Structures are given as C-alpha cells and as structure tokens.
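Here the structure comes first, spelled out in structure tokens, and everything after it is commentary.
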Amino acid sequence: MFKKSLLAVAAASMLTLTACGGTAGAGSAAGNSGDDKITMGFAQVGAESGWRTANTKSVQDSAKKAGVDLKFSDAQQKQENQIKAIRSYIQQKVDVIAFSPVVESGWDTVLKEAKNAKIPVILTDRAVDSSDKTLYKTFLGSDFVEEGKKAGEWLVEQSKASEPVNIVEIQGTTGSAPANDRKEGFAEAIKADPDLKIVASQSGDFTRSGGKQVMEAFLKNNADIDVVFAHNDDEGLGAIEAIEAAGKVPGKDIKIITIDAVKDGMTALSNGKINYIVECSPMLGDQLMDLAKKVIAGESVPERVVTEETTFTQEQAKQVLASRPY
Ligand code: AHR
C-alpha cells in the first residue's frame, strides 16, 4: 500500500499573527520579590511524555538565563490542580502567569481572577477555548491542526490507489487542544483518499502506557490494521510494544505515524519501527521569557506566536538523530 518515494521535508515557518496590545505594564500587580527581578508562575500540565520533560527543561533553563524568578508547578494532568496553582500564583502576586492548559474548556473563572488582580497571563503550548480574548495576552505554541494535516498528507501520498487502508488512531488527552486539533487536521487530510478509513479511535492520554493499552485493545478487536496514527511519540512507542507482543513487525506489518520527534521517537524512526514523524517543538522557553518581559514592560505583543516545525522520514531521522537536543 505504500509507494517507495517519500515526501521532502515540509517547510517550517515562524509566524506571528495579528499584532495586538499587551499592556500589562502600567496596570500590572507589583511582583513580591522586592527587587527588579520578574516573578513568573508557571503551571505545567504534568510529566506525561518525553515532549513534556523537554518543555519543562526549556522553560526552567530559559528562566535562569533570563534572570526570571520561576515558580513552577506540575498539575499531574489534572485541571483542578492547575487551577489551584494559578490561584496560588495570584495570591503570591507574581508579575506574570504562564500555563499550558490540560484541556481547552473551563478556564474563564480563574482567568478573570487573574485579570482582576492585574496579573497578565500567557498561554504556552496549548490553547483555551474562551471567547474572551482579553483574558490572556498572547498564545505561544504549535499549530496542532497543521501537524495533524501533515501526518494525513504523508499517508495520502504513500497510499496506492484503490486499496483499502485501515487506520487506528490513538488520540491524546481527551478535551486537550492537541488531541482535538490533530484529530481534525488528520481527518481533513485523509479525505483526499476515500480508501483511507479510521476504523477505531481512542485516547491514550499522551502516555506510553496509555498507547500500549489502547493498541492491545485495537489488536484484539480489529483483525486487519494497516496504520497507527498516534497523537504523540510516547503513544506510538507504547503501540510498538503491543504490536511486537502480538507477533507483528511495527513499521512493516503495521505502519506508524506519530507527532513530536523526541529522542526516543526519532530512534524508533531511524530503526524502522516508526514510519513518519511530524515535529512539535517543546523548546518554548526563550520565546516565553521574551514575551513575558515585553508584556510586563507594557510593550505590544502578537496575539499568536506559532512555533517552527518540520517533518521526518526514516532517512532524515538517521541523519539528524545524533544532533537532536532532546
Ligand atoms: O501539548 C503538546 C503535547 O503534549 C505533545 O505532543 C505531547 O507529547 C504532550 O504530552
């Protein structure tokens, strides 16, 4: 079902959309550090994946480099923990709050509390679905719909005409922006070939164990699986374990497409166990610190900053593996 030729690397672009005012400076709550050092409260999603570990390191390293006093919390993938952390940052009167929302909905109340306290908020990595855009200053992160599209377009390109292709999808965390958007982008792209069919779709919560469990169930219930589309590398790596345990060869008997391009994923791609990876960059720290400084100084910032990303075939992975920083 797969053609021999592979697609070239997709061009990466660094976009900044509609410029808008981020004027927190004048009205911003005074930080409590008692000096000129900026205090940032950062409410992280958790430690669910290799991507998340790299993202946390990027934020912590960049804060140190930029002289930002970072208060960091890990929500263990629970929205209530993130809300608690944000409330605690409001109480501590930090200068700026940044967070990567576990899920898209349910943020308006706590974001209004931050706004009333005159503490600017920066969204990093994931979006919220609030219609009130004044609740945060800017959103820095990937275009997840585009990532899903790139995964689907590669599959369309590889598929032979008139042969049915059964796809199973391992979604990310239910209700999260990357799960919603990657699903949408992938479904949109594979419409181009009516032979491509998603026969099962379930959440693996962006974890390796989740990916393994979901894949075991898929293999039990579906006799003929051609392709796995996993919403991140960790889920794909879990799926590989399940496929091997079922006596099949990942990357050959069942093709695997994932998103992220972290070291373990890229290693599996180089070894032929994954077939294609769409990059999602976790290196958001430096841009986040720059945006925070601007917002606090009352400078205008773009309302959306989209990160730079590419794609990798097996051959391309072999070439860059040694130099991957995460
Ligand atoms: O929000 C980014 C996603 O979250 C990454 O793709 C995934 O690995 C992580 O857990």
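The values are calculated or read from the model by the stated rules, or taken from the named source; none is laboratory data. Just so it is clear, the structure is predicted and the values come from calculations on it, not from any experiment. Cβ atoms come from the backbone with ideal geometry, glycine included; neighbour counts cover every protein chain shown. For the accessible areas, the whole protein counts, side chains as well, though only heavy atoms, and no ligand, DNA or RNA atoms are used. Shrake-Rupley method; radii C 1.70, N 1.55, O 1.52, S 1.80 Å.
Taking a probe of 1.4 Å, how large is the accessible area per residue of the chain, in Å²? Mind showing how you got there, number by number?
On the way: 13660 Å² over 326 residues.
Per residue, the chain has 42 Å² of solvent-accessible surface.
Need the C-alpha centroid separation for segment 170-212 versus segment 39-70, integer Å.
Answer, in whole Å: 27.
Which lysines have a Cα lying under 19 Å from the Cα of LYS64, excluding residues fewer than 8 positions away in the same chain?
LYS37, LYS293, LYS294
In terms of the Cα gyration tensor, with a ≥ b ≥ c the square roots of its eigenvalues, is segment 61-184 rounded because a/c is under 1.5, prolate because a/b exceeds b/c, or oblate? Can you show the working numbers first?
Numbers: a/c = 2.75, a/b = 2.31, b/c = 1.19.
Here segment 61-184 falls in the prolate category.
Evaluate 2.2 N^0.38 Å with N set to the residue count of the chain, then give the Cα radius of gyration divided by it. Mind showing how you got there, number by number?
Values: Rg = 20.5 Å, N = 326, 2.2 N^0.38 = 19.8 Å.
Ratio of Cα Rg to 2.2 N^0.38 Å: 1.04.
Counting every Cα pair in segment 148-214, what percent are over 14 Å apart? Before the final figure, lay out each step's value.
On the way: 1283 of 2211 pairs.
The calculated P(r) of segment 148-214 puts 58 percent of pairs beyond 14 Å.
How do the peptides 57-66, 89-98 rank, highest first, by the average count of neighbouring beta carbon atoms within 10 Å per residue? Walk me through the numbers before you get to the answer.
On the way: 57-66: 17.5, 89-98: 22.5.
Going by the mean number of other Cβ atoms within 10 Å, highest first, we get 89-98, 57-66.
If you take the charge dipole of the chain about its Cα centre, with +1 on Lys and Arg Cβ and -1 on Asp and Glu Cβ, which of GLY148, SER203, SER73 is farthest toward its positive end?
Final value for the positive-end residue is SER73.
Ignoring ligands, DNA and RNA, what percent of the 1.4 Å accessible area of segment 141-214 is carbon and sulfur?
On the way: 1380 of 2930 Å².
Carbon-and-sulfur percentage of accessible area, whole number: 47.
Quick one: P(r) of segment 96-144 from all Cα-Cα pairs, 5 Å bins, percents rounded to integers, in order of increasing distance.
Answer for segment 96-144: a P(r) of 5, 23, 37, 25, 8, 2, 0 percent.
Angle, helix 233-245 long axis vs. longest principal axis of the chain, Cα atoms, 0 to 90°, nearest 10?
The two axes meet at around 30 degrees.
So what is the relative contact order of the chain, in percent, for Cα pairs below 8 Å that sit 6 or more residues apart?
Numbers: 743 pairs, mean separation 78.3, N = 326.
Reported as a whole number, the value is 24 percent.
Around THR134, what is the net charge, scoring Lys/Arg as +1 and Asp/Glu as -1 over all other residues with Cβ under 10 Å from its Cβ? Numbers along the way, then the final one.
Values: positive: LYS112, LYS115, LYS133, LYS137; negative: ASP132.
Residues close to THR134 contribute a combined charge of +3.
Only helical DSSP H runs with n ≥ 4 go in: add -39500 (n - 2.57) per run for the chain, normalise by residue count and round the 222 nm mean residue ellipticity to 500 deg cm²/dmol.
Details: 11 runs with 127 residues, N = 326.
About -12000 deg cm²/dmol.
Quick one: work out the % antiparallel among DSSP beta bridges in the chain, nearest 5. Walk me through the numbers on the way to the answer.
Numbers: 8 of 46 bridges.
Here the share of antiparallel DSSP bridges comes out near 15 percent.
Go from 0 up to the bin containing the longest alpha carbon distance in segment 256-326, width 5 Å each, and give me the % of pairs per bin.
3, 16, 23, 16, 10, 10, 9, 7, 4, 1
When the Cα centres of segment 87-148 and segment 225-258 are compared, how far apart do they sit, in Å?
Centre-to-centre distance over Cα atoms comes out at 34 Å.
When all alpha-carbon pairs of segment 202-326 are counted, what percent fall beyond 26 Å?
Numbers: 2518 of 7750 pairs.
That fraction is 32 percent.
LYS197: which lysines have alpha carbons under 29 Å from its alpha carbon, excluding same-chain residues fewer than 8 sequence positions away?
Straight-distance partners of LYS197: LYS3, LYS4, LYS149, LYS150, LYS160, LYS183, LYS212, LYS220, LYS248, LYS252, LYS255, LYS273.
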